[in-house]
1. Just wondering, is there one or more residues in segment 434-447 that are under 18 Å from Gly374 (Cα atoms) and surrounded by 19 or more Cβ atoms within 10 Å (Cβ to Cβ)?
2. Considering only segment 259-278, I want to know if a residue exists there that is in a loop (DSSP other than H, G, I, E, B), within 16 Å of ligand 2 (Cβ to nearest atom), open to solvent by less than 50 Å² (accessible area, probe 1.4 Å) and not small (Gly, Ala, Ser).
3. Taking segment 45-66, which residues are hydrophobic (A, V, I, L, M, F, W, C) and surrounded by fewer than 17 Cβ atoms within 10 Å (Cβ to Cβ)?
4. Do we find that Ile154 is in a strand (DSSP E or B), within 12 Å of ligand 1 (Cβ to nearest atom) and either among the hydrophobic types (A, V, I, L, M, F, W, C) or open to solvent by 50 Å² or more (accessible area, probe 1.4 Å) (or both) in this structure?
5. Taking helices (runs of 4 or more DSSP H) that do not extend beyond segment 74-146, which have at least 1 residues that are aliphatic (A, V, I, L, M), surrounded by fewer than 19 Cβ atoms within 10 Å (Cβ to Cβ) and assigned by TED's automatic domain parsing to the domain that holds Ser46?
6. Can you tell me how many residues within segment 28-52 are in contact with a strand residue (DSSP E or B) (Cβ under 9 Å, 6 or more places away or on another chain) and part of a helix (DSSP H, G or I)?
7. Going by what's in this entry, would Leu124 be described as hydrophobic (A, V, I, L, M, F, W, C) and away from ligand 1 (no atom under 16 Å from the Cβ)?
8. Inspect all residues belonging to segment 229-245 and state whether any of them is away from ligand 2 (no atom under 16 Å from the Cβ), among the hydroxyl-bearing types (Ser, Thr, Tyr) and out of contact with any Phe, Trp or Tyr (no Cβ under 6 Å at 6 or more places or on another chain).
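The values are calculated or read from the model by the stated rules, or taken from the named source; none is laboratory data. No experiment lies behind these values; they were computed from the predicted model shown. All Cβ positions, even for glycine, are placed from backbone atoms using ideal geometry, and neighbour counts span all protein chains on display. Remember, those area values only see protein heavy atoms, side chains included, never the ligands or the DNA or RNA. Shrake-Rupley method; radii C 1.70, N 1.55, O 1.52, S 1.80 Å.
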Amino acid sequence: MIAPSSRPFLTVVLAAGKGTRMKSDLPKVMHSVAGRSLLGHVLAVSADVGSIATAVVVGPEMPSVRAETAKQAPGAVVFEQVRQRGTADAVLAARAAIATHSGDVLVMFADTPLIASDTVQRLLQALDQGAEVAVLGFHAKDPTGYGRLVTDGIVGNGAANLLAIREHKDASTAERQIDFCNSGVMAFRTTNLLGILDQVGTANASAEFYLTDAIAIMRREGRRAVAVAGNEEEMLGVNTRAHLAQAEAVFQRRARAHAMAEGATLIDPDTVWFSFDTRIGRDVLIEPNVFFGPGSTVGDGAIIHASSHITGASVEAGAEIGPFARLRPGTRIGEGAKIGNFVEVKNATFEKGAKANHLAYIGDARVGAKANIGAGTIFCNYDGFFKYKTDIGAGAFVGSNSSLVAPVKIGDGAFVASGSVVTRDVTADALAVARGVQEERPGWATKFRALMAARKARG
Ligand code: UD1
Ligand code: MG
């Protein structure tokens, strides 16, 4: 981690744009990469780099964006930009926060989810070398759509002297040849940011107030502006569904590399999907086609067999999952426990060495250490209105094709006979049989066949 900036700073996150090119009912910044909203990714960086306050600019009627802000950054202050008139206008929507803040201001776009905290720190440090504004740029393979950074030479520490930013739509043919692009992250060390932004007009191809115009305005006033280059992969701004898929691909490639670098084996890395917060231990083996939703951890030495779906679950050391298993939120699979094929587990704990190896549903339950849940067992946890708990004692054995109607407890070491429908608690070490009693009719089949054959012969 790079040392934090020397001065306190306020982060203004712009999230009000509708993102019409997404063609979505969802505000653009609520679309997800690796199980977390674009906005959530940016708020996490804002917290990580140590801003003393965060302002989030949202559009009108964006309750989901407000709720996401409250969840991911409870201390952030939300401002509403009434009409989406451009990025400079969006920053000005947070006027009250900027006016009362003394220190630097960091502006981030909520549609740029992959920027690393270290990169932002590096930008903030550029202010320490005397710039009044530092812009994070990148050299794009395809710069189409991005604002171009017009520079003339290097000013020290690799930062370029920045003259202006030209938006793609407004750029001349010559300017479009520039591959150095604006990521949208800008750090200001000026006492007059509001005064500068108030000078931004709308005489451009989009008739919008461009934040990027602030650079030329500052240069005219003799202020120093620099551009710091970062890695293109981090800077992807999501404006379309195709960009969203690109951002996901970059995230996944990095997450796979990280899991392997930390000592996990991924047999076919390209088919394993992680969430933003998935944690994988050492010597974990992950077979092909495995998906991790948010909130999942896998302990050292665990095996995740092919085609398993794991979300909100912790798999502890040495446990074995799948193939074709589904672990849903609130699940804990203890050390050395086993969840086999076509088993679904929700909000349940499997204690050390417990097993459900085939075709079962286990919901709202505790399964004690070394208990065995037979094939086809269903935990009947829901009556259409409420959910109820099932408790299976240590070492209990539930025979195949049983239904356990919750709330119900199976005592330690008890047996449930195969095919039972258990509606009452079972005492420790007892056998519960709750099914039709088998009867036998000697010779019945012989007589039946003779009767039917005769009926058929009569026509
Ligand atoms: C912007 C930059 C461009 C840069 C690119 C990087 C401007 C004028 N252009 O272009 O130089 O290369 O990002 O990805 O700044 N927003 C609001 N209110 C508005 C408009 C936008 O809050 O009125 C928010 C959006 O929600 C988004 C961000 O600002 O999070 C950027 O807006 P967007 O429309 O995506 O700008 P780009 O065309 O990508
Ligand atoms: Mg954008």
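1. Within segment 434-447, not a single residue is under 18 Å from Gly374 (Cα atoms) and surrounded by 19 or more Cβ atoms within 10 Å (Cβ to Cβ).
2. no
3. Listed by number, the residues that qualify are Ala47, Ile52.
4. No; evaluated as a whole, the condition is false for this residue.
5. Once the helices (runs of 4 or more DSSP H) in segment 74-146 are filtered for at least 1 residues that are aliphatic (A, V, I, L, M), surrounded by fewer than 19 Cβ atoms within 10 Å (Cβ to Cβ) and assigned by TED's automatic domain parsing to the domain that holds Ser46, what remains is 95-99.
6. The number of residues fulfilling the criteria is 12.
7. Criteria met by Leu124.
8. Among the residues of segment 229-245, not one is away from ligand 2 (no atom under 16 Å from the Cβ), among the hydroxyl-bearing types (Ser, Thr, Tyr) and out of contact with any Phe, Trp or Tyr (no Cβ under 6 Å at 6 or more places or on another chain), which makes the answer no.
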